[in-house]
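These notes concern the structure reproduced below.
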Amino acid sequence: MFLKVAWLVMRKDLTVEVRSREIVYTTVFFAVACVLVFAFALVKEGRPLEDAAAGIMWISVAFAGTLALGRTFERERHSETLRALMLAPVSRPAIYVGKLLGIVLLLLIVEAVLVPLVGLLFHAPIWNRPLLLIALLVSGTVGFSAVGTLFAAMLVRARSRDVMLPILLYPITIPVIIAGVRGTAALFEAVPAVDLAQMWLALLGFFDVVFVTLSLWTFEPLMTE
Amino acid sequence: MSFDFTEVAVRDVSRHYGRRRALAGVSLTCRSGEVLGLLGPNGAGKSTLLSILATLLVPSTGQVYYGSHTAGQAGPALRARLGFLSHDLHLYPELTARENLEFFARLYGVEAVSERVTTALGRAGLTARSEDVVSGFSRGMRQRLALERALLHEPRLLLLDEPFTGLDDASVAALVARLHELRAADRIIVVVTHDLDVAERLLDKVAVLKDGRLVAFDDAHGRIREHYRAHVAVGDRCS
């Protein structure tokens, strides 16, 4: 039943997004704009600043993720549908997992556009170890979204939610961003430091387990007014 | 776990938002087959009480008993017996009428989803518009759809927050007739309304709230207008 509810919520979110395409368009546009601005600042005469690619990629993911989180829960606020979800006789953590999966999928779509663009503009060797890069991106996105989904749901009725979300989110997800940046930078070296990247991937996996577990634990009490 | 009850009892319930008091020591009871109306001026605490009954808000003090259980004791099984029609309607505007009902039916574990949803769409008078997205519906159509959404899982306790707002006369009459049907089916219905004409046709009991306090609780049919005049500011709704 837990997985069925999570699947229902995720499918509903994706159906709504397929109809409106609002979040995917705005986040992709925002992420691309972000990378372009960095490219104008850091690429001189076709030569990018060394080791900048990984940081720029993860900063863009974090900014775009914050935008996606805000918009996703703004939808639930519009007709107070989050309250309707909370009223359903289902496990509330299952609702959280459904929302989390929807956001992770959206961000992975954004990353599918963002990563090749970063590779192109910053001469990043994204095909060095593609599976390891995908693993780093997925685990980093899960960790970031796990905390973000919890906070965005908590703040959905707060008047200053747009300001509060990044203030709460970034300090807590800094370990995830750092691990993502260091792991990706290790892969982007001329000779990829695979062991180092795997170490950062393992750390990201650890953060994912901690953040998802804590969020599942706290979602119900935090959502009860 | 199946859970059912035939009475809802609010016992000395208070609710504070920070230092602001929204409800103070409210006690009342409603049984199966009864329609209880919550009346009062804006900010009286009606919607807060409705949210507490819906388990969306926890009382600061006091308890609500669903039969012999509190919300904490009954857990999610209680939520399967509650239907809530909020002023905000709880519908996804990007989904079609059918998709909205199917989503909530599956969430509530309703059996034979397709048939149940088709019946509900028929009751809402939306069979012909079932594949249209809700954002294109009028307020009245959305209101009818939202009511059927709240009834899909056949709740024992139906909570309606200003369900007549924005409805034309024909829709109000249809909604009143539907609520009479539900009362006959032994549901417990709690309605927040400002519409005294409808209240007189529908309510078995009336609770008047003012500044968070229960200033009148009466089951005498016919005295609704009298209570409203006595306790709520005399205004254009009291004609």
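Can you tell me the 0 to 90 degree angle between the C-alpha axis of helix A:22-42 and the longest principal axis of chain A, rounded to 10? Helix A:22-42 sits at roughly 30 degrees to that axis.
The residue B:112 and residue A:105 beta-carbon pair, evaluated with R₀ = 45 Å, returns a calculated FRET efficiency of approximately 0.90.
Would you mind calculating the gained length between residue B:177 and residue B:19 on full extension (0.36 nm times residue separation, minus the Cα-Cα distance), in nm to one decimal?
On the way: separation 158, 0.36 × 158 = 56.88 nm, distance 4.16 nm.
This chain segment gains 52.7 nm when fully extended.
Note on B:54-61: average number of Cβ atoms from other chains within 10 Å of each residue's Cβ is 2.
Rounded to the nearest 5, what % of DSSP beta bridges with both residues in the protein assembly as shown are antiparallel?
Numbers: 23 of 40 bridges.
So the antiparallel bridges amount to about 60 percent of the total.
Per residue, the stretch A:19-90 exposes an accessible area of 46 Å² to a 1.4 Å probe, with every protein chain left in place. Taking 7 Å steps out from each Cα toward its Cβ at residue A:220 and residue B:215 produces label points 4.1 nm apart. By a 1.4 Å probe calculation restricted to protein chains, residue A:201 has an accessible surface near 40 Å², given to the nearest 10.
Using every pair of separate Cα atoms, the Kirkwood estimate puts the hydrodynamic radius of the stretch B:89-154 at 11.3 angstrom. Helix A:161-187 and the longest principal axis of the Cα set of chain A meet at an angle near 40°.
Distance from the alpha carbon centroid of the stretch A:83-135 to that of the stretch B:33-90 works out to 37 angstrom. Taking label positions 7 Å along the Cα-Cβ direction at both residue A:44 and residue A:178, the computed distance is 2.9 nm, reported to one decimal. Among the chymotrypsin sites (Phe, Trp or Tyr not before Pro) in the stretch A:50-127, those placed in a DSSP loop whose Cβ has at most 15 other Cβ atoms within 10 Å are A:127. In the stretch B:77-100, comparing the full protein assembly with the chain on its own, the residues that lose 40 Å² or more of accessible surface at a 1.4 Å probe are B:79, B:88, B:90, B:92, B:94, B:95.
Within the assembled protein chains, the solvent-accessible surface assigned to residue B:186 is about 80 Å², based on a 1.4 Å probe. Relative to the longest principal axis of the Cα atoms of chain B, helix B:169-184 runs at roughly 80 degrees. In the stretch A:2-27, burial by the other protein chains removes 30 Å² or more of 1.4 Å probe accessible surface, compared with the chain on its own, from A:8, A:12, A:16, A:19.
Excluding residue B:84 itself, calculate the net charge of residues whose Cβ lies under 12 Å from the Cβ of residue B:84, where each Lys or Arg counts +1 and each Asp or Glu counts -1. Around residue B:84, the charge tally is +1.
Once C-alpha pairs closer than 8 Å and six or more residues apart are averaged by separation and normalised to the residue number of the stretch A:2-223, the relative contact order reads 27 percent.
Running Debye on the stretch A:1-116 with equal point scatterers at the Cα sites and no solvent, what base-10 log of I(q)/I(0) appears at q = 0.21 Å⁻¹? Per q value, in the given order, log10 I(q)/I(0) is -1.09. Taking the centroid of alpha carbons for each part, the stretch A:185-225 and the stretch B:132-146 are 43 Å apart. Over the protein assembly as shown, dividing the summed -39,500 (n - 2.57) contributions of all DSSP H runs of at least 4 residues by the number of residues returns a 222 nm mean residue ellipticity of -19000 deg cm²/dmol.
Take residue A:215: with every protein chain present and a 1.4 Å probe, its accessible area is about 0 Å².
Which value, in Å³ per residue, describes the convex hull spanned by the Cα atoms of the stretch A:2-223? Please list the in-between numbers first.
Working: hull volume 25.3 nm³, N = 222.
Enclosed volume per residue, from the Cα hull, is 114 Å³.
Considering only A:83, A:92, A:182, the Gaussian network model of chain A with Cα springs below 10 Å gives its largest mean-square fluctuation to A:83. In order along the stretch B:74-85, the Karplus-derived 3J(HN,Hα) couplings, from 6.51 cos²θ - 1.76 cosθ + 1.60 at θ = phi - 60°, round to 7, x, x, 4, 5, 4, 5, 9, 10, x, 10, 9 Hz, and Gly and Pro are given as x.
The values are calculated or read from the model by the stated rules, or taken from the named source; none is laboratory data. Nothing here was measured: the structure is a model prediction, and the numbers come from that model. Cβ coordinates were reconstructed from backbone atoms using ideal geometry, including for glycine residues, and neighbour counts include every protein chain displayed. Note: accessible area is taken over every heavy atom of the protein model, side chains too, but ligands, DNA and RNA are not part of it. Shrake-Rupley method; radii C 1.70, N 1.55, O 1.52, S 1.80 Å.
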